[in-house]
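Undergrad: Attaching a single structure in C-alpha cells format; questions to follow.
Coordinate-derived values only; no laboratory data. Bear in mind that the values here come from a model prediction, so they are computed numbers and not experimental data.
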Amino acid sequence: MSMAAVTCELTWLRYLLKDLGVDHHRPTQLFYDNQAALHIATNSVYHERTKHIELDYYTVHEHIQNGETETTYVQTEKQVADIFTKPLGQADFHHHIGKLGILDIYMPT
C-alpha cells in the first residue's frame, strides 16, 4: 500500500515538474526495503496470491511497466526514511542525520 501511495505522489511530482518546464525523462527511483513487495510489484505471477491488494498492485505495476518508476532494494539498515518512521538507536540516528545533511546549529564547534 505504501508503494502505491508513493507512486501516486511521484506521478504528481512528475506532472508538477513538467508544468514548471522541467523535463524528467529517466525513471524515478523508488527505494524499498521489502523484497516481497518489490517482487509482487514487478512480477505479475505473484499477483494471484495477493487478491486483497489488487488496486495497489496495478498502480505500481503499471508505472514500472511504463518505465516511469524503477524499484530498487535497499537494506533496512541503510533506509534513510526510517529516521521519520521508526525509533532508532543513537548511532543509526546520527548516521541517517548525517546522510540527510542536517546539522545541529546549537552544537558547540
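Undergrad: Ordered by residue, what ³J(HN,Hα) values in Hz, to whole numbers, does the stretch 91-104 give under the Karplus form 6.51 cos²θ - 1.76 cosθ + 1.60, where θ = phi - 60° and Gly and Pro are x?
TA: Going residue by residue, I get 5, 5, 4, 5, 5, 5, 4, x, 5, 7, x, 8, 10, 8 Hz, with x marking Gly and Pro.
Undergrad: Under the rule of at least 5 residues apart or a separate chain, name every residue whose amide H is placed under 5 Å from the amide H of Val80.
TA: Residues meeting the amide H criterion: none.
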